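Asks: Just dropping this structure here.
The values are calculated or read from the model by the stated rules, or taken from the named source; none is laboratory data. Bear in mind that the values here come from a model prediction, so they are computed numbers and not experimental data. Ideal geometry is used to build each Cβ from the backbone, glycine not excepted, and the neighbour counts take in all protein chains shown. Only protein heavy atoms, including side chains, enter the accessible area calculation; ligands, DNA and RNA are left aside. Shrake-Rupley method; radii C 1.70, N 1.55, O 1.52, S 1.80 Å.
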Amino acid sequence: MPRLKQTRQDRIFDFVNYILLGLMLLAVLYPLYFIVIASVSDPNAINSGQVWFWPKNLTFEGYERILGDSAIWRGYRNSILYTALGTTINVFLTLTAAYALSRKDLVGRNLIMFFFAFTMFFSGGLIPTYLVVRDLKMINTIWALVIPNAVAVWNIIIARTFFESTIPQELLEAAQIDGCSNTKFFWKIVLPLAKPLIAIMILFYGIGHWNSFFDALIYLRDEALYPLQIILRNILIQNEMSAQMVMDVESYAAQQRVAELVKYGVIMVASVPPLILYPFLQKYFVKGVFVGSIKG
């Protein structure tokens, strides 16, 4: 098929679009790139404005101190544990609830969905939630981070729509004729067909748990239970580094230099797991979002 000839207005429109998209891409990527080069540059060069596009006075001292600090590794371990356990609970409850709500033979499903949706607009607030968590004896435990936020209603809506548009009623009827139970149908037929949905749920919930720090800030008291994001917060906002990280630094100026190196380095270290996970789930990302958001 011959390609249509572009008019002058079309070329101008495309040119403007490319310029705008390029500027938006630069605005998103440059801060990330700056953190990368700043993490291996001399802090004095950063503070004097010499670091723009290339690192200055290359040094890996910040990474050496970060990787040699037991608090960072403990935070990594805790974050991985919280993310894995929390995401498993989230995905299991979301898929089971969404599938049940997608079934037309569920009595009262519209009323149940109303109560789910009601919680998206009205909640008890922070203090009542804290009191509930305290009364359930979950303060300073891992359960305070994974139970109160076990389900996101918006994700249930996406998953329910996915099941309604992907799993035909005829498939269920055929399976029931062959003697398949509802539980077996869910595990053997529905879940294998929902791989894009499962991938997107893992990505959504996993990133949420990995980046979460507020719940840990409210409910945890023991520093041994702190996730990586709390340690990162303490370094970035409160300028608190472990004694092990600065044990060989005596002067205040030297401590400030180390603090600047560690700040940028910790941001990069904390970003590694999501960056590793995303390429494996990216092929399901667009499909999962669009299929789960369009009914038809």
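Asks: Which condition number in (1) within 27 Å of LEU225 (Cα to Cα); (2) surrounded by 17 or more Cβ atoms within 10 Å (Cβ to Cβ); (3) among the aromatic types (Phe, Trp, Tyr) is the one that PHE92 fails?
Replies: Looking at each condition in turn, PHE92 falls short on (2).
Asks: Please state which of the following conditions VAL40 fails to meet, knowing it meets all the rest: (1) outside any helix (DSSP H, G or I); (2) touching a residue at least 24 places away in the same chain (Cβ under 8 Å); (3) β-branched (Val, Ile, Thr).
Replies: Against the list (1) outside any helix (DSSP H, G or I); (2) touching a residue at least 24 places away in the same chain (Cβ under 8 Å); (3) β-branched (Val, Ile, Thr), VAL40 comes up short only on (2).
Asks: Kindly indicate the residue of segment 161-185 that is under 17 Å from LYS195 (Cβ atoms) and touching a Phe, Trp or Tyr at 6+ places or on another chain (Cβ under 9 Å) and also surrounded by the fewest Cβ atoms within 10 Å (Cβ to Cβ) among those meeting that condition.
Replies: Of everything passing the filter in segment 161-185, LEU171 is surrounded by the fewest Cβ atoms within 10 Å (Cβ to Cβ).
Asks: Just to verify a result, which residue in segment 124-149, among those that are in contact with a Pro (Cβ under 9 Å, 6 or more places away or on another chain) and touching a residue at least 24 places away in the same chain (Cβ under 8 Å), is nearest to PRO227 (Cα to Cα)?
Replies: LEU145
Asks: So, of the residues in segment 214-234 that are farther than 19 Å from VAL269 by Cα and not in a helix (DSSP H, G or I), which turns out to be least open to solvent (accessible area, probe 1.4 Å)?
Replies: Per the stated criteria, the residue is LEU220.
Asks: Does PRO192 satisfy the criteria of being in a helix (DSSP H, G or I) and without any contact (Cβ under 8 Å) to a residue 40 or more places away in the chain?
Replies: yes
Asks: Go through (1) modelled with pLDDT of 85 or more; (2) open to solvent by 30 Å² or more (accessible area, probe 1.4 Å); (3) among the aliphatic types (A, V, I, L, M) one by one and return the number of the condition ALA98 breaks.
Replies: Of the numbered conditions (1) modelled with pLDDT of 85 or more; (2) open to solvent by 30 Å² or more (accessible area, probe 1.4 Å); (3) among the aliphatic types (A, V, I, L, M), the odd one out for ALA98 is (2).
One line per residue, one yes/no per condition, for (1) touching a Gly at 6+ places or on another chain (Cβ under 8 Å); (2) open to solvent by 90 Å² or more (accessible area, probe 1.4 Å):
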| residue | (1), (2) |
| --- | --- |
| LYS5 | no, yes |
| ALA27 | no, no |
| TYR33 | no, no |
| ALA38 | no, no |
| SER48 | no, no |
| PHE53 | no, yes |
| GLU61 | no, no |
| ILE66 | yes, no |
| TRP73 | no, yes |
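Asks: Looking only at helices (runs of 4 or more DSSP H) that fall completely inside segment 58-176, which ones have 2 or more residues that are touching an Asp or Glu at 6+ places or on another chain (Cβ under 9 Å)?
Replies: It comes to 70-102, 143-146.
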